[in-house]
Each structure stands twice: as C-alpha cells, then as structure tokens.
1. From (1) out of contact with any Phe, Trp or Tyr (no Cβ under 6 Å at 6 or more places or on another chain); (2) closer than 24 Å to residue 209 by Cα; (3) crowded, with 22+ Cβ neighbours inside 10 Å, pick out the condition that doesn't hold for residue 282.
2. Going through 178, 235 one at a time, which residue ends up being modelled with pLDDT of 95 or more, at positive phi and assigned by TED's automatic domain parsing to the domain that holds residue 308?
3. Among the residues of the range 436-466, write down those that are more than 18 Å from residue 481 (Cα to Cα) and among the β-branched types (Val, Ile, Thr).
4. For the range 397-425, give me each residue that is aromatic (Phe, Trp, Tyr) and within 20 Å of residue 293 (Cβ to Cβ).
5. Considering each residue of the range 1049-1089, count those that are in contact with a Phe, Trp or Tyr (Cβ under 7 Å, 6 or more places away or on another chain), farther than 25 Å from residue 1130 by Cα and not in a strand (DSSP E or B), and give that number.
6. Listed residues 820, 839; which is surrounded by fewer than 19 Cβ atoms within 10 Å (Cβ to Cβ), more than 23 Å from residue 772 (Cβ to Cβ) and out of contact with any His (no Cβ under 6 Å at 6 or more places or on another chain)?
7. Is there a residue being at pLDDT 75 or above and polar (S, T, N, Q) anywhere in the range 915-929?
8. Which residues, counting only those in the range 782-831, are over 22 Å from the mean Cα position of the chain (by Cα) and basic (Lys, Arg)?
Amino acid sequence: MKWSGSFASPCLLFVAAAVTGGPVGAQEASKNPTAVAGSEQALEIIRSYPGRGTLADGSKPTAAAEAMKTFKLREGFALDLVASEPAVEQPLSLAWDAKGRLWAVLYRQYQFPAGLKIVEYDNHLRARFDKVPLPPPHGVKGEDVIRVFEDADGDGAFESHKDVITGLNIATSVAVGAGGIWVANPPYLLFYPDANGDDVPDSDAVVKLSGFGIEDTHSVMNSLAWGPDGWLYGANGSTTTGKVVDPASGKTVAWQGQMIWRFDPKTERFEIFAEGGGNTFSLEIDGKGRVFSGTNGGKTRGMFYPQGSYGTKSWGKHGPLTNPYAFGFFEHMKHEGDERRFPQTFTICEGGLFGPELEGHIVAANSLNNVVWSSRIERDGSTYRTVDEANPVESPDRWFRPVYAGLGPDGAVYFADWYDSRLSHVRPVDDWHKTSGRIYRLRPEGKTPVYREGDLGKLPVEELVALFDHPNRLVRRRAVLELGWRGDRSVADSLVAKVDAAEGQASLEALWALNLLGGLSDERATKWLTHPDADVRRWVVRLVGDRRVADGALATALADLALSETDVQVRVQLAASAKRLPPAAALGIVDGLAHHDEDATDPHQPLMIWWAVEAQAESGRKEVEGWLSKAETWKRPLVRDVVLERLMKRYAIAGGAENYASAAFLLAKAPDEATKTKLLEALQSAFEGVTMPSLPDPLSKALQEYSRSLGDSGLVLRVRSGEKGALAEAQKAVLDPKLPTGVRTELVRLLGEGGEKSAIDPLLKILAFDQEYALKRVALQTLARFENESVAKGIIGRYGSTLPSEHGVRSTAERVLAGRLAWARLMMDEVEKAVIKDRDLGSDIVQLMMEHKDADLNARIQKHWPGIAAGAGGIDLAAESARLKQILGGGTGDAAAGKAIFTTRCATCHQLFGEGIALGPDLTGSNRADLGYLLENVLAPSAVVGKDYLLHVFSMKDGSTLSGMVRGETPGFAKLAMPGGATVDVKLADVAKREEVPQSLMPAGLFEALPPGQVADLVKYLASPSQVPLPGEKPAVERASAVPPPPDGVVRIEGEDLVGKTLAKGGNVKVQAMSGFGPAWSGDKHLWWTGGQPGEVLTLKVAGLKPGTYDIALFPTTAKDYATVRVAINGQIKEADLYTEKVLPAAPIRFEKVNVSPTEPLQVDVHLTGANPSALPRYMFGLDRIEAAPAKGAAR
C-alpha cells in the first residue's frame, strides 16, 4: 500500500483505555452495547443516557414490495423500487460513473468505528477514542461496503450488482474518476487506483488526506462530488473537527464544524471552500457550478455557498469560524412553505427528463418526517430563496428514511432509504436495523428513464464535446471531466471557438474543459471577462482567482469589470477572487466593487467585500492604506457602512505596533466627526472587558475623549443620578442592538453597580446574542457581582452554545464561574460530565478555583489537573530539564507552528514582537535565545517573581474570589488584570481580605502538556530574532532569502531551473514554493520529485559549467515523507537519508574533483533506495541548488 499521508489525525487524541477489551466490530457493538466503552465515564454514559429524538420503537420493517404500496405521490409522478435488501443495507449515499452505473455506499459499520474504544463522551455525545484507526485494509476491518449496480441491457432496470471495495470503516461517500475510486473514510480521503476502470483496484488505497474528525459519526466528512473545475469537493458535518495537512504546501488546515472543502488531484492542494450551515451532510454543485447543501434546521431548504464565505452555525457547540475577523456571516436561504426541520438531503433536478413541474427545482428528502419536498428556487439578490410546491413523495411508513437525494444520468431523481424506525444519533447504543435499505427512482409517470450515452471514458473527444449540449447536467459534467482527465489538447481550438460563439450552457462547459486542459491563458481570460454570458464571466473570474496570480492587462481588466459588471453574482465572485489575489490586483477589484451602491442591501455582497479587504489588511497594508487615502473612497456607502468599522476593530483586536499604527491611520483619515465617532466606537468595543494595550498617542487620546463622552450619554447620566425608572429603561436598552456598543457596555456596568436582581435576566439574555463579543465579556464580568445560583446555571447553560472560545468570551465565563466556591463546584460538575473539557480550562482558572481552599473541590481538581494541583513541587525539575534538553538538542522546530502555539498558550499573558497581552513580562527583550534561561523560567516560574507580577487574591465580602495582577489603584478601586486580557475594577470597600502571593500566574512545567514536536516548535519561535507568519499566513512584506550569494568563483544552479532538464523514470518533477517553510531555500523554491518509487531514477542535466574539474555540492531538502537516495556523478556514489520530522534544508551532499566535459552537460543521477523506518513512505526528493567550485589545485 502507498501511504501518501500521515495516519495521525491531530483532531483525535490518543488516550489509554480504562476499560480493556479487544477490537469492537459493528456486530459486537450491536449485541453488546457496552463493548465500545474504553473508560468508566463512557461506560456510565452508555448505560444511563436515555437517548432523545426518533429512536427505535420495536416495530418490524415492512417488506419492500408492500411498503411501495403505501407511498402517496404527486400527480404525474411515479416511484420505482430499483434495489432493496439484501442487496442494499443501510445505504448512505449514491454516485455515478462514466458508464452510467450506480455506486452505493452501505454504511453498515455505523455508529461505532471498528477496533476503537470510546474513552470520553461529552454532553453532545461527541466521542474521544483510544486511538486513530489505520486506513483500510490495515487495522480492524469494518463492515462498510461500496457496491456497484448495473443496467447492462439498457432497459432502465439494475439487474446486477457487485462489491468493489469491502472492509471499510466509517465510509460515507464515493466518487469515481481521475484514474480511480475516491472514498471518504474519515479520518482519511482514500484513493484506489483503477487505471483500466475494471472495478478491481490496482493496489491498496493511497491515503491522499488525513485528519478528518470522527468524534461524531453522523457528522463526519461526506458527499464527495466532482466540480466542473476538476476539484473533488466534499462536506464536513457540524460536530466534528479537522486538522488536515495540505500536501501541496505542507500547511495544516484546521477547522471546527461544518464546512465545504475541496481537493485538487493534480496539484494535491486542499482547502476550505466555504464555512457554515447546519449539519452539512449533502452537497450539490448545479449546472452553473454553484455550491449548495441541505441542512438539519427548519424554515429553510439549505445553504448557498459563495467561494470563501462564512455561514451561520451554533458557535458554542460547533466552534468558531476559521477567521476570527469575519465579523459577520451568511444565513440559510429564506424559505416559504413547510417549515419543519431536516431538509438534510438536497439536489437540483437538472436531468432533462421532467418538465417544468420539477426541472430546475430543488428536491429535498426529509428523513425525519418521511417526506420528499419540492421547492422552486428563486433569485434573492446574489443568493436564493425557495418556495414549496406539492410534495412529490409522502409516506405513512415511519421506517421511510431517505438520507440521500441525487440526480441520475438518466434524468431521474434517486433516493437512498436508510429504512429504519430509528433516525436519531443521540443514543450511545448501536441498535440500528442493520439489514434493511432501499433505493428508489422518481420519474415522470409514463416515462422509463434509460441512460443511453455508453461509456464516456471511451468516447472520442469530438463526441464528448458534442455532449456539452446534453440536457442532463451529470452527462455534461462527466464529458467535461473525461476530457480534462484524458489531457487531449487537440480539441483546444474548438473549445475556444465554442466559448467565443456564446452558445449558452455549451460555452460554459467549453470554458471548464479548456481550463482543465490548461488552455485558459491570461489573454483568453482577459478577453472573456467581457463575454456576454454572466456565468462565463463569473467562472473566468473564479478560475483566475484560483491561480492566486493576476497582473498586467488581466489585473486591469478585473478592476474594470468590477466597476462595470451588471450581474451581482459576478460581482460576488470578484470579491471572492480578490480575497485570493495579490494586494495590488485585489484592491483594484475592491475599489470597483465599492462603487456599486446598489449592493449595500444585498444579502451577501457587503460582507464579501469586507472579507476581501480583511484578507489584505496586513499582507496588503500598503495597498489598503493607498486605497483609503483617496477621499472618494470614504464616500462610498459600502466602505463607510460596512468596511471601516470592521477594519478598525480588526486592527485593534489583532494588535501589534503595525496594526495600531494602521488604526491610527484610519482615525487620521476620517473625513468628519460622525465617521470618527463610528471608528472610535469600533475601537472601544475591541477593548471592552480586556486590558487596554499601549496605543499610539493620537489613538490613545482620542479613545480617552470618546470614553469620557459615553459617561455624558443621557440614559447613563439618568441611571447614575438615580432617576426613577431609569434603571428599568437601562435593562431594556442593553438589549437594543441599535444603541452604540460603548453606551450599552456602560449601562451594563451600571446595572451591576445597582445590584438589582431584576438586572440578572437581561444580562443573561446578552449572552445569547450572536457575535457581540465585547458586550458579552462585560456582561459576564458584571454577572459575577450577583450572588445567585441562577447566574452560574445561566452561564453554564450557554457555555456550549453562545459563549464561543474566540475573543476571550468563554475564558471570561470560566473565570466568573471559578470565582465563587458554589459556582466552581457547579463548573466541576460539568467538567466531570465532559460538558466542559478539563483540557480546555487554563491553568489560571484552575488556580483560581484552588484559592477557595476547599478540600472537596481541591480533591476533584487533583483528579483532573494533578500537575497544577501539585504546583512546582509536583515536578522533578532536574528530570524535566534533562528531558527537554534532549528534545531540543537537535535544534529542530518550526517557528511558524510555534507562533500558533504561542498565540493560544502564551499570548494570553505575554507579548512578543508587539503581539499578545501585556499581563506578564514582555518577552521581546528577554534572553530568549539562551536555552538554559528559557527552561529555568518555564519550569519554575514562581522561583523568582518580580514585584510587578505578583499574584493578588481578593476575597470579596459576597463570597466570590478574584485573582490577577494589580495594574493601578485609584481611591476606592483597584484595577485587576487577568489572563486573556480581561480587567475588572475591584471596589475595595467590598473586599473582605486581600493577599499578595509570591506565586506566578504561569503554572510550573508548562511544557509537560505539550508533545515533543510542539515543544520544539514553541522554543524555535521563542528564540526567533524577528516575527514570523502563522502557518498559512502570508508574510506582510517580501522576505529576503537567508541563503547568502555564492562566493566568488562558485557557480550556483538553482534546483527549480533544472525542472525542464530532467528525465524521471517514474513520478513527476515540478517546482515547489518553499517560502512557507522559512527563508532557508535559495530563491524560495526547489525542484520537487514526487510519485516515484524505490528503484526509480531522476536524471538531471546540469548545463552552464565550463569544462574543468569541480568540487560539487548538492543541497537537498529533508522532510518526514522524503526518501533515502543514492546520488551518482561520474562514478562517484553518495548515500543520503532525507528524513526529518520537519521540512528543513539538508546538509550538502559533496563530490570532489568531478570532471566536466566540454561536449556534454554534467549528469547527476538520483536513485530512490527506500525510506527511513520513521518516514512516511512517499519517497519524495527535493533539491534547492547545486554549487560547483573549482577543485582545489584546479585552474580557475
């Protein structure tokens, strides 16, 4: 088996099982529900959890033929049973191949992965397992099957079927094409090569991607589908997470919850296409290439996803968006009709078989309510709304559970019926009816759907092009894809002519095909930006954006189009592509889009423009400021009302000297007092409830004046003066989103000072608001004043829903709960039920709970955090120091990855290079490069604590406890700063006891909780002489290579310059950009040989050397998936092992006294000999450069 990806799934934790036992399969889990338990906590949940929703009711299934008689169909429609048990069992999804055959995924392993045990359940029944399953066929075999059904005689009936792949373990979806069979089998995307299409894989699976979460098997990766751009698209459900390494860049793509992703089989690029939605378990890409999905909510039929967009989700339960500066999100499509929840499946009927009664309409099967809906889809600005029509299918059979709906190449609409009395996943017992399932076909009455186009994989290219006019979307798309996979460029001219001819759908298909063949040149793209078909223009813009490069005439044409474009969906795509393009091109587009005042009320475009600007806020700072230096820019409603306040808040929250300077720039450029006030309100809201950073003087003074003005607000003054009725008015005002945030936060504080219990309810209601981070932080701090159990219960009730982990909201809630003994006990109750994860609580929260000095509470703390509870005395400092020195002795580590760790673990208290919160010492000027100094301060932070950083503990008269660092006192008040940036003014008259503790807020042995690789990454970043970008983040400025020029007389040949001068016996040779891995590669690129196998050879022809004798040095790259090699030059042979855990430049491979012929270029042969036992066996080779110096003693 070829393993081209890591097995380790970072979103799953390895935990030793507390309840032992052998591997568990689906049958055993069904017979013995407790067999999957790997801990006492999981065992107790399985035994006691009552379950909720639509559970098994003990009824028996109705035979398929009899069940067919119960369906109620819309007039003019017919429903056929095309397969049923025993041929179909627990069908989850369907797909089609080039021969028109139906592929079914039978999800028989559900709901527990084979061979794993559950060591923890949370309150949503999300599981942690004891290990990561190996990719099939390794490890314990699962029960999932991929089965193909065939209509060989073309009569419209599937008379045969066979199993293509068996033994899969939580397999949800299949797609056929691009040389094989692709399977979504989380945590992996698997590829089974099948070059001749005989349905017999040529080898075991190749792991293309790894890291999709399996915490909740009803919410895993799903719905593979080919896009017209040649990418393989998929969905991810709402209650799983993921950390997938993009093979093309080596960067980790991490997310939480629902999103649409895609993978390019050619370049092996992986990326998130769009985020948000419900439990995203369907995916539709319509005839124009637009992306949709169903949902599990009500009052809608699903989501529409523009590229790069962010959608709604349950923030506390599902986690934040990947972009903390999104500052907005899209909702589901509006709907008119049946408002019941669960339009989970989603397809658009574009098959040419139905008439206007269904063609172009959404078909959504609702497995919860045993019905199939049909809805018109209508434009709503740049998005859509849906309107119900008569239901095509209804059934009184409770067992009818259509979990998939999709178009067939014969024009019919197909449904996969799970067929079970149970539907709800919310029960940790496998009592599913494993042996039932059906597949149906919806058709017009009186018509027999038959696929007649044959095997598209074997059609001549001219006939494939002729299919661009076919009425069935699947047939057209398959023809386009087959052309692209075949790579026959002989049709390029005819495709260009077809696009030029403006033939409607056929022109769009021709554009897609030409792009797949590499024929969309900049010149053609520039020309077709003025094409009469809006969908062609939209897709040209999108394909250019996917290249991430546009300059010269093309960049100018994009900017011109942004100004003149009449179709709002094209303008939305322009914004999406601007997010991906270099700053100069992006801001040219944004400037044009900002002129369309009519888009100010569009459901999508205002935020799309903001996201385009936000993407360039730091990497394109110069261009953004240049754009905002023009007075006319500030006059545009889309800029004034959408961009400016968000940009100010974004710079303020991101922090750092450059961002604060940009914030000051915005304020200085404000054209009038009203605009300046709005900017100051945005700035103020960024810092509400957190420590105020050191700001540039103009910014600081303006903010102070603005803050003082809030106190002069009419209602604020009336509350302060004790006016009758003002307090009740304030309780309503804090809930009014139309009031400035600064006024509302001031009123929230006054409600706390008033101490009226009636204020608790509106303060708790604030916690339910979407994305009002600043107001939530202040409301939480204010609620801490009330000694009322309802406060703690209200906060805990919102913890997993509307108290997100981003922007310090959840950490503030945790600190409030930890501050009172009774509330801390309630929080520990939730920790022990895994509603609040112990791994998510910071050490400062744990220390605050310990300040109550309650024996029972401390015993519970000891169980979950033994290291923190023991303090420095619980750590063998000498042993830990020796362990860390061994880990760090090699000097490895990825500074960019270390910055990400610093941001989450250290920046809540420390600043480095101007980023982070200045609670503890600023680390920028410390002796960070000295390993001994660093370890001494990390292992025993309380050994020496400066006076300014002593821990202050305030025991309040109301029984609460506050701890942190005092950052100033005024008569009667002390300002207490806490980790994460939260601040609170402590009223000294309310303090019962105040202690100054010679203890650091930083826990001892911080590195103990980190894996060795993360320790190395963090130390690498801490020792960096200058700032580095986060993984995946574009550097703010061009960075010079750290590789010095070659010495005089030494000839340097760049590896990337040899790419066209190679002969590879196996695999592919291309240029790979290396800037994301640091500055250690000359020219920030290298030659990259991938796909080779041991025994294969890469021959390099090195020209440009004058005849003579040289000492030759090859500078290769090392990584965790690189090969062992044998390099031969003129009979000299050198061996090298190119494995390291991180991507690094290797020590040079040196050859002495190499003779260079006057007639032939120097030949270098690189033989792949194998791989280090610790390496991932992908057998890659990278070459940065070759340097040739005249051999010692040779004439120069």
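1. In the conditions (1) out of contact with any Phe, Trp or Tyr (no Cβ under 6 Å at 6 or more places or on another chain); (2) closer than 24 Å to residue 209 by Cα; (3) crowded, with 22+ Cβ neighbours inside 10 Å, residue 282 misses (1) alone.
2. On the way: 235 fails: at positive phi.
Checking each option against the conditions leaves just 178.
3. Answer for the range 436-466, where residues must be more than 18 Å from residue 481 (Cα to Cα) and among the β-branched types (Val, Ile, Thr): 439, 448, 450.
4. At the first step, the residues of the range 397-425 found to be aromatic (Phe, Trp, Tyr) are 399-400, 404, 414-415, 418-419.
Result: 404, 414, 415, 418.
5. 1
6. Values: 820 fails: surrounded by fewer than 19 Cβ atoms within 10 Å (Cβ to Cβ).
Result: 839 is the single residue among 820, 839 that is surrounded by fewer than 19 Cβ atoms within 10 Å (Cβ to Cβ), more than 23 Å from residue 772 (Cβ to Cβ) and out of contact with any His (no Cβ under 6 Å at 6 or more places or on another chain).
7. no
8. Answer for the range 782-831, where residues must be over 22 Å from the mean Cα position of the chain (by Cα) and basic (Lys, Arg): 785, 793, 798, 815, 820, 825.
The values are calculated or read from the model by the stated rules, or taken from the named source; none is laboratory data. All values derive from a computational prediction rather than experimental measurement. A quick note on method: Cβ atoms are made from the backbone with ideal geometry, for glycine too, and the neighbour counts reach across all protein chains shown.
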